[in-house]
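Written below as structure tokens is the structure these notes are about.
The values are calculated or read from the model by the stated rules, or taken from the named source; none is laboratory data. A quick note: this is a predicted structure, and the numbers were derived from the prediction, not measured. Heads up, the Cβs are rebuilt from the backbone with ideal geometry, glycines too, and the neighbour counts pull from every protein chain shown.
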Amino acid sequence: MAIRVLIVDTKDERSQALERALAEAGFEVVSTVDEQDDLYSTMEALQPDAVIVDAALPSRDTLEHLGQLGRRYPKPMIMLAEEETPDLTQQATRAGVSAYVIDSISPALVRSMLNVSISSFESFRALKGELSRTQETLAQRRAIDRAKAMIMELRGLGEDAAYQYMRKTAMNRRMTIHELAQELLSATGNKGK
Amino acid sequence: MNSTLANGNAPAPELRRLTLGMLPLNDAAPLVVALEKGYFGSEGLDVSLSVETSWAGLRDGMQLGLLDGAQMLALMPLASTLGLDGRATPMLSAMTLNLGGNAITVSQALYERMLAQDPGAMQAPATQASALARVIDARRQAGEPKLRFANVYPFSSHRYLLRYWLAAGGIDPENDLELRVVPPPLMASQLESGRLDGYCVGEPWNRLAASRGQGHMLCGSFDIWGGGQEKVFGVCEAWALQYPNTHRAVLRALLRACVWLDEPGNREQAARLLCLGGYLDVSPAVVEAGLCNPQQVAGDRQTGRLAGATLFHRHAANFPWRSQTLWYARQMQRWGHLAEEVDLKVAIERCVRPDLYRQAAADLGISAPLVDSKVEGAHEEAWLLEGDRGDIPMRPDRFLDGSRFAP
């Protein structure tokens, strides 16, 4: 019987490609769900043998809890890794793939499922020129820095005053600093055109 | 402490480039401050902070050797060493990063119902849960579904503080309600959509729900456990053995950051470093409110009422008390999450390392407690603890139900 896999991902295009790749490799994808879906009822209803999840999703911690609840729920792959798999687990982590697997799946199948998922995630990243998690954080920081520098220049403010300005604006508009920075940058970008 | 103290006698770190893991939380402030204020730099360390999105991701990073050290939940080094959390990997902590910082928040609808059921009980944290018990009874009689509460990661202070509070109100956490794990950034939205009725989480995620009118903060960590340990700085045991001087240098830098964080007037700047640095994607006003220095708001008696308040250094906050980690471990056993046979004394001596803390504190001239454990919950009032460089003023450490925990 085919291994029944649940995909948890917020990017439609990527999860569709992964679903196709897994099916070609002989796995059965039972469903693809979003971060906002109720993972408890999904897991209860579908009882998948394995879950492939975007490692950047905070919902991983929910899967950890399910894994603690009992034998029928998949466990984090790091627990099941055999002697030769740390490299594969590291590779998966770097590619942003995280897996949860029930213990009765053979290591060979786990490896195959991981390899398919890693290459699917990597080709999506290459195709979209997508940033890795670390790069995203750096990009975010740079956006905030640029916006702050811009406010200092435009309004002739010091760093403290620029922060207070951003803080107040973000608060009034119920935004985060990053959202505000992006909006400021794109607004001035448009003006320039 | 003399903040300009040079570490002239300290041996040079074996490893200079480090990647340390953290989660987007207010109490990641010691790591962010140590980096942004140059405390790591002055130890000769070149540190990158990796902002992880889940505790599971952070654990994987540690167990796979992708991270050199990390902000961790107090139970994580023990759980990793015992093989409960991921792959069995011995980890240790030589420093607590903060005390308190969590709160219990319920939906506006549940808050109003609790208030209607038992307004008197809602006046104090110790009795709030009995109002919840009455709501649970009423719901059961009316055939309504169980209430749903959430906490973060399984091996968390939040899980055990929430259960302690529930049990104090006569609620059986296993049967009277449904307990889930929900990642902090999703908690407020699930409260709003009605998927959750309440939760226990660290700041800024309580104040965020409150500021949006979605939730009501009932009480904080300090109401449940006056001196309770929260996050720790953890490393793999093998790493600590291989790079002892690096470890000590990191501890010194973090200690200086914690001292700075508890000096009056610095919390707002800390909030600013977290937000402008891109570490925490939440409105700065919400981060600031959650980070406010309890000392500056009111005297110690009121501190407990400042739900979600946190301490980074004062009252021996950074000392890794074995009795505190043991209390959490005993709570795990209480709820059947840890086998009774586990030799906790041996495990905790291995994972919680006050000896290493004392070395780093001595380098900075910071007074450290002489003992490794203390009776928890023994003080209703502020008290003095003997330290190796003078007495340390301590805060009340009362438990919600007035019980004492003698290790």
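For the list (1) in contact with a His (Cβ under 9 Å, 6 or more places away or on another chain); (2) within 30 Å of A:A50 (Cβ to Cβ), I need the number of the one condition that A:I144 fails.
Unmet condition: (2).
If you go through region A:28-37 one residue at a time, how many are in contact with a helix residue (DSSP H, G or I) (Cβ under 6 Å, 6 or more places away or on another chain) and facing chain B (nearest Cβ under 8 Å)?
Of the residues in region A:28-37, 0 are in contact with a helix residue (DSSP H, G or I) (Cβ under 6 Å, 6 or more places away or on another chain) and facing chain B (nearest Cβ under 8 Å).
Considering only residues of region B:193-215 that are touching a Gly at 6+ places or on another chain (Cβ under 6 Å) and not in a strand (DSSP E or B), which is nearest to the other protein chains (Cβ to nearest Cβ)? Quick ask: steps written out before the conclusion?
Start the filter on region B:193-215 by keeping residues that are touching a Gly at 6+ places or on another chain (Cβ under 6 Å), which leaves B:202-204, B:206-207, B:209.
Those left that are additionally not in a strand (DSSP E or B): B:203-204, B:206-207, B:209.
Details: B:E203: 15, B:P204: 11, B:N206: 17, B:R207: 12, B:A209: 13 Å.
By that ranking, first place goes to B:P204.
This table checks each residue for (1) loosely packed, with under 15 Cβ neighbours inside 10 Å; (2) aromatic (F, W, Y).
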{"residue": "B:F319", "(1), (2)": "no, yes"}
{"residue": "B:H337", "(1), (2)": "no, no"}
{"residue": "B:K345", "(1), (2)": "yes, no"}
{"residue": "B:R353", "(1), (2)": "no, no"}
{"residue": "B:S367", "(1), (2)": "no, no"}
{"residue": "B:P393", "(1), (2)": "yes, no"}
{"residue": "B:D397", "(1), (2)": "no, no"}
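Condition first: part of a loop (DSSP other than H, G, I, E, B), in contact with a helix residue (DSSP H, G or I) (Cβ under 6 Å, 6 or more places away or on another chain), touching a residue at least 40 places away in the same chain (Cβ under 8 Å) and within 14 Å of another protein chain (Cβ to nearest Cβ). Now tell me which residues in region B:38-81 satisfy that.
Matches in region B:38-81: B:S54, B:L67, B:L75.
Within region A:95-129, can you find the residues that are among the aromatic types (F, W, Y) and more than 14 Å from chain B (Cβ to nearest Cβ)?
If we filter region A:95-129 for residues that are among the aromatic types (F, W, Y), which is where we start, we get A:100, A:121, A:124.
Matches in region A:95-129: A:F121, A:F124.
Say we look at region B:175-187 and pick out the residues that are of a type in the set (A, V, I, L, M) and in contact with a strand residue (DSSP E or B) (Cβ under 7 Å, 6 or more places away or on another chain); which of these is farthest from the other protein chains (Cβ to nearest Cβ)?
To start, the set of residues in region B:175-187 that are of a type in the set (A, V, I, L, M) comprises B:177, B:179, B:181-182, B:186-187.
Still in the list and also in contact with a strand residue (DSSP E or B) (Cβ under 7 Å, 6 or more places away or on another chain): B:177, B:179, B:181-182, B:187.
Numbers: B:L177: 14, B:L179: 9, B:V181: 4, B:V182: 6, B:M187: 10 Å.
So, considering only residues that are of a type in the set (A, V, I, L, M) and in contact with a strand residue (DSSP E or B) (Cβ under 7 Å, 6 or more places away or on another chain), the one farthest from the other protein chains (Cβ to nearest Cβ) is B:L177.
Looking at A:D49, A:D87, which one is out of contact with any helix residue (DSSP H, G or I) (no Cβ under 7 Å at 6 or more places or on another chain), touching a residue at least 24 places away in the same chain (Cβ under 8 Å) and of a type outside the set (A, V, I, L, M)?
On the way: A:D87 fails: touching a residue at least 24 places away in the same chain (Cβ under 8 Å).
Sole residue among the options that is out of contact with any helix residue (DSSP H, G or I) (no Cβ under 7 Å at 6 or more places or on another chain), touching a residue at least 24 places away in the same chain (Cβ under 8 Å) and of a type outside the set (A, V, I, L, M): A:D49.
Can we say B:D363 is part of a loop (DSSP other than H, G, I, E, B), more than 14 Å from chain A (Cβ to nearest Cβ), in contact (Cβ under 8 Å) with a residue 24 or more places away in the chain and of a type in the set (D, E)? Spell out the reasoning first.
Values: part of a loop (DSSP other than H, G, I, E, B): no; more than 14 Å from chain A (Cβ to nearest Cβ): yes; in contact (Cβ under 8 Å) with a residue 24 or more places away in the chain: yes; of a type in the set (D, E): yes.
Criteria not met by B:D363.
Take the residues in region B:82-123 that are of a type in the set (G, A, S), out of contact with any Asp or Glu (no Cβ under 9 Å at 6 or more places or on another chain) and outside any helix (DSSP H, G or I); name whichever of them is surrounded by the fewest Cβ atoms within 10 Å (Cβ to Cβ).
Step one: of region B:82-123, the residues of a type in the set (G, A, S) are B:83, B:86, B:88, B:93-94, B:100-101, B:103, B:107, B:109, B:116, B:120-121.
Then drop every residue that is not out of contact with any Asp or Glu (no Cβ under 9 Å at 6 or more places or on another chain), which leaves B:83, B:88, B:93, B:116, B:120-121.
Applying the additional criterion that residues be outside any helix (DSSP H, G or I) yields B:83, B:88, B:93, B:120.
On the way: B:G83: 12, B:A88: 13, B:S93: 26, B:G120: 9.
The residue in question is B:G120.
Counting only residues that are facing chain B (nearest Cβ under 10 Å) and among the charged types (D, E, K, R), which one in region A:38-88 is nearest to A:S117 (Cα to Cα)?
Here the answer is A:D54.
Mind checking which residues of region A:88-147 are among the hydroxyl-bearing types (S, T, Y), at pLDDT 90 or above and surrounded by 19 or more Cβ atoms within 10 Å (Cβ to Cβ)?
Within region A:88-147, A:S98, A:Y100, A:S117, A:S120 meet the criteria.
Per-residue answers, yes or no, for (1) farther than 16 Å from B:L280 by Cβ; (2) over 21 Å from the mean Cα position of the chain (by Cα); (3) charged (D, E, K, R):
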| site | (1), (2), (3) |
| --- | --- |
| A:A108 | yes, yes, no |
| A:A126 | yes, no, no |
| A:A143 | no, no, no |
| A:E153 | yes, yes, yes |
| A:T176 | no, no, no |
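Suppose the filter is within 25 Å of B:F155 (Cβ to Cβ), polar (S, T, N, Q) and surrounded by fewer than 21 Cβ atoms within 10 Å (Cβ to Cβ); does A:S59 pass it?
Numbers: within 25 Å of B:F155 (Cβ to Cβ): yes; polar (S, T, N, Q): yes; surrounded by fewer than 21 Cβ atoms within 10 Å (Cβ to Cβ): no.
When the stated conditions are applied, A:S59 does not pass them.
When you scan region A:162-193, how many residues do you find that are within 12 Å of chain B (Cβ to nearest Cβ) and in contact with a helix residue (DSSP H, G or I) (Cβ under 9 Å, 6 or more places away or on another chain)? Step through it out loud before you land on a result.
Pass one, region A:162-193, residues within 12 Å of chain B (Cβ to nearest Cβ): A:162-182.
Going one step further and asking which of them are in contact with a helix residue (DSSP H, G or I) (Cβ under 9 Å, 6 or more places away or on another chain), we end up with A:162-163, A:165-171, A:173-182.
Qualifying residue count for the region: 19.
If you take the residues in region B:216-265 that are assigned to a helix (DSSP H, G or I) and among the acidic types (D, E), which one is nearest to B:R398 (Cα to Cα)? Let's see the steps before the verdict.
Filtering region B:216-265 for residues assigned to a helix (DSSP H, G or I) gives B:221-224, B:237-242, B:244-262.
Those still in the list that are among the acidic types (D, E) too: B:223, B:237, B:262.
Numbers: B:D223: 8, B:E237: 33, B:D262: 22 Å.
Here the residue is B:D223.
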